[in-house]
Amino acid sequence: MDFKTNIEQINQAWLEKRVSLSKEDVAFIANKSTLRGKMLGFMTASYYKRSNLIKQSEIFYAYVFKEWTNNVGGPDPQHPTWMLFSPSRTFDEHPEKLKEIAEGLEQLEVDKGSDKNLKKLYNLINEPLSDTSYFEVPEPYNHGELIYLSIVYVIAALMPRFHLGLNLIMANRSISKEVLYFPSNYWPVEYAEEYTESVIKL
């Protein structure tokens with residue numbers, strides 16, 4: 001796959017689409033079209049910025065390396081996932097670098113002498129109930145790049161065939177520190193097919 005061309009085309013299509021989104025479209029993407037969705041996070045600032053974020057977002061690649069759910073009885077309608085992404089468009093062409101950084105973080109170990117940022121990073125990755133957005137990955141684990149860790153809920157209604165690995169996200173830090181998954185019904189057909197069949201290789 002030509003990753004750079006793919007993300008450029010997705011962004012161009014989204015730029016054209018987002019100006020004509022209906023209130024119902026925005027509510028669906030924002031996960032506010034159901035009572036449960038409306039209740040999730042309604043006391044947070046990001047909840048009230050979400051509509052503006054959607055209308056002014058850009059699409060980026062993110063590498064999702066972990067998910068957590070305690071729903072053993074079947075599919076979970078929403079659960080947290082751990083992802084790495086960067087505002088640098090360098091990763092449009094080489095998203096495999098995000099995978100390499102994630103693999104390094106999964107091997108991260110800390111001791112009493114470790115830097116406090118490394119300890120915090122370790123805890124964020126390993127605590128199932130941790131929460132963060134735009135946490136800057138410190139050296140030497142960022143490979144000299146600006147890399148963010150965010151813990152983002154994946155909503156099954158928006159991402160029915162979700163899996164770990166390369167994913168598309170919506171972000172605009174100047175609007176909100178929240179990051180959202182780009183709903184699969186807005187994906188190009190070819191990309192959706194390759195994602196669903198897990199043929200996108202990094």
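The values are calculated or read from the model by the stated rules, or taken from the named source; none is laboratory data. Predicted model only: the values in this text are computed from it and were never measured. Please note: Cβ atoms are built from the backbone with ideal geometry, for glycine as well, and neighbour counts cover all protein chains shown.
Check Asn142, Asn185, Asn123 and return the single one that is of a type outside the set (D, E, K, R), without any contact (Cβ under 8 Å) to a residue 60 or more places away in the chain, surrounded by fewer than 17 Cβ atoms within 10 Å (Cβ to Cβ) and farther than 30 Å from Val26 by Cβ.
On inspection, the qualifying residue turns out to be Asn123.
If we keep just the residues of segment 188-201 that are surrounded by 16 or more Cβ atoms within 10 Å (Cβ to Cβ) and touching a residue at least 40 places away in the same chain (Cβ under 8 Å), which is nearest to Ala13 (Cα to Cα)? First the steps, then the outcome.
So the first thing to find is which residues in segment 188-201 are surrounded by 16 or more Cβ atoms within 10 Å (Cβ to Cβ), and the list is 191, 194-195, 200.
Next, from what is left, pick out any that are touching a residue at least 40 places away in the same chain (Cβ under 8 Å): 191, 194, 200.
On the way: Tyr191: 13, Glu194: 19, Ile200: 21 Å.
Result: Tyr191.
Among the numbered conditions (1) in a strand (DSSP E or B); (2) of a type in the set (Val, Ile, Thr); (3) farther than 24 Å from Glu136 by Cβ, tell me where Ile10 comes up short.
Checking Ile10 against (1) in a strand (DSSP E or B); (2) of a type in the set (Val, Ile, Thr); (3) farther than 24 Å from Glu136 by Cβ, the one that fails is (1).
Just for segment 13-50: of the residues that are surrounded by fewer than 18 Cβ atoms within 10 Å (Cβ to Cβ) and small (Gly, Ala, Ser), which one is modelled with the lowest pLDDT?
Gly41
Among Tyr181, Tyr148, Tyr186, Tyr195, which is the only one that is at pLDDT 95 or above and more than 19 Å from Pro95 (Cα to Cα)?
Within the list Tyr181, Tyr148, Tyr186, Tyr195, the selection yields Tyr186.
With the condition kept exactly as written, say whether any residue in segment 43-59 is in a helix (DSSP H, G or I), under 15 Å from Tyr181 (Cβ atoms) and of a type in the set (Lys, Arg).
Yes, because at least one residue in segment 43-59 is in a helix (DSSP H, G or I), under 15 Å from Tyr181 (Cβ atoms) and of a type in the set (Lys, Arg).
Go through (1) more than 16 Å from the chain's Cα centre (by Cα); (2) under 29 Å from Phe91 (Cα atoms); (3) among the charged types (D, E, K, R) for Lys32 and report which single condition fails.
Only one criterion in (1) more than 16 Å from the chain's Cα centre (by Cα); (2) under 29 Å from Phe91 (Cα atoms); (3) among the charged types (D, E, K, R) is unmet by Lys32, namely (2).
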